[in-house]
Amino acid sequence: QVQLVESGGGLVQNGGSLRLSCTASGRIFSIDAMGWYRQAPGKQRELVATIIGGASPNYADSVKGRFTVSRDIAKNTVYLQMSSLKPEDTAVYYCNLQWRDRLGSARLSWGQGTQVTVSS
């Protein structure tokens, strides 16, 4: 089974920084995309940032200029560096992996979620 393990969430003050990490393991033949989603109370899950193939990262408008997504291919790890955090960034953050098995079938995997809370 493919597993995504997240770390780095926690409490931070307004204007602070956090770095989230997500490491994938299992029989992954290839990776199409890695990224982050978040879900705040009473809101739908939304895309935060993603890396698709070798293209430049995509970001939600609300986080552009503040968040940076990167990955370490050798470690099967994706990071989300979050700076200038705002209370509205408070949410559960989920790592997402779009991958293919050895037969070429497209697959989706999700991390368990990590809570990020930004105080006023």
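Read-outs: derived from the displayed coordinates by stated rules, not from any lab. Please read these numbers as outputs of a predicted model, since none were measured by experiment. So basically every Cβ, Gly included, is an ideal-geometry build from the backbone, and we count neighbours across all protein chains shown.
When the range 1-32 is filtered for residues that are surrounded by fewer than 17 Cβ atoms within 10 Å (Cβ to Cβ) and aliphatic (A, V, I, L, M), the ones remaining, listed by number, are VAL2, VAL5, LEU11, ILE28. The single condition from (1) within 15 Å of GLN115 (Cα to Cα); (2) surrounded by 14 or more Cβ atoms within 10 Å (Cβ to Cβ) that ARG100 fails is (1).
Would you check if SER109 is among the polar types (S, T, N, Q) and either buried (at least 19 other Cβ atoms within 10 Å of the Cβ) or outside any strand (DSSP E or B) (or both)? Taking the combined requirement at face value, the residue does not satisfy it.
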